[in-house]
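Undergrad: This structure is in structure tokens; I'll ask about it shortly.
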Amino acid sequence: MPGAVRVKYHRYSPEQLAQIKAAGVRPDTRSNGPAIMAFAVAGGRRPDRASGCEQWSIHHIYDGQYPAPRARTCTRAVAHASYFTEAAGLVAVHPIAHALADELAYFAWLLRHEAYARFGFDPDGVFRVAGALE
């Protein structure tokens, strides 16, 4: 859903609704809804939480925290129209892992490295630099 950023509520185009329906997912108009929809349309699965009433969170691995060494900033996907719904930058995480990614730079960078290894996703250009973070 190129062009989307986080806002309080979202509206989907008829084409987007058709994709969401084809993926077998119910449209989510909440603030992170487009990211959740992009994750689902791309084939991502969200395990149920222990309560069975909710699913694991969808986490933007580029959340503006923990810039790379010698960098001043880190992409903040929720505010960037090219990355808010980029499925390669989204992960379903257990609630404890979600908290770890917010609190520990090392864990956040493990998720980012995995996105680069699997999908070549590196909006900050950190991993493309030979030997960076290795």
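The values are calculated or read from the model by the stated rules, or taken from the named source; none is laboratory data. Computed from a predicted structure; not experimentally measured. Positions of Cβ are generated from backbone atoms using ideal geometry, with glycine treated the same way; all protein chains shown enter the neighbour counts.
Undergrad: Please specify each residue of the stretch 11-43 satisfying the condition of being farther than 20 Å from G89 by Cα and surrounded by 18 or more Cβ atoms within 10 Å (Cβ to Cβ).
TA: Residue satisfying the conditions is Y12 alone.
Undergrad: Which residue out of E86, E114 is closer than 23 Å to M37 by Cβ and within 11 Å of the chain's Cα centre (by Cα)?
TA: Of the residues listed, the single one that is closer than 23 Å to M37 by Cβ and within 11 Å of the chain's Cα centre (by Cα) is E86.
Undergrad: Taking the stretch 93-131 on its own, how many of its residues are surrounded by 18 or more Cβ atoms within 10 Å (Cβ to Cβ) and touching a residue at least 60 places away in the same chain (Cβ under 8 Å)?
TA: Total satisfying the criteria: 1.
Undergrad: Test D28 against the stated conditions and say whether it is touching a helix residue (DSSP H, G or I) at 6+ places or on another chain (Cβ under 7 Å), of a type in the set (D, E, K, R) and over 27 Å from G120 (Cα atoms).
TA: yes
Undergrad: Further, regarding this structure: Could you run through the stretch 99-126 and say how many residues are among the acidic types (D, E) and in contact with a strand residue (DSSP E or B) (Cβ under 9 Å, 6 or more places away or on another chain)?
TA: Count: 2.
Undergrad: Kindly indicate whether F121 is at pLDDT 95 or above and over 23 Å from V7 (Cα atoms).
TA: In short, yes.
A quick yes/no check of all residues on (1) surrounded by fewer than 16 Cβ atoms within 10 Å (Cβ to Cβ); (2) without any contact (Cβ under 8 Å) to a residue 24 or more places away in the chain; (3) touching a Cys at 6+ places or on another chain (Cβ under 8 Å); (4) over 18 Å from W109 (Cα atoms):
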{"site": "R45", "(1), (2), (3), (4)": "yes, no, no, yes"}
{"site": "R49", "(1), (2), (3), (4)": "yes, no, no, yes"}
{"site": "H59", "(1), (2), (3), (4)": "no, no, no, no"}
{"site": "G64", "(1), (2), (3), (4)": "yes, yes, yes, no"}
{"site": "A81", "(1), (2), (3), (4)": "yes, no, no, yes"}
{"site": "V91", "(1), (2), (3), (4)": "no, no, no, no"}
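Undergrad: Let me ask something else. Could you tell me whether G3 is more than 24 Å from F119 (Cβ to Cβ) and modelled with pLDDT under 90?
TA: The answer is no for G3.
Undergrad: Between Y106, Y62, which is over 15 Å from the mean Cα position of the chain (by Cα), closer than 21 Å to F127 by Cβ and not hydrophobic (A, V, I, L, M, F, W, C)?
TA: Checking each option against the conditions leaves just Y106.
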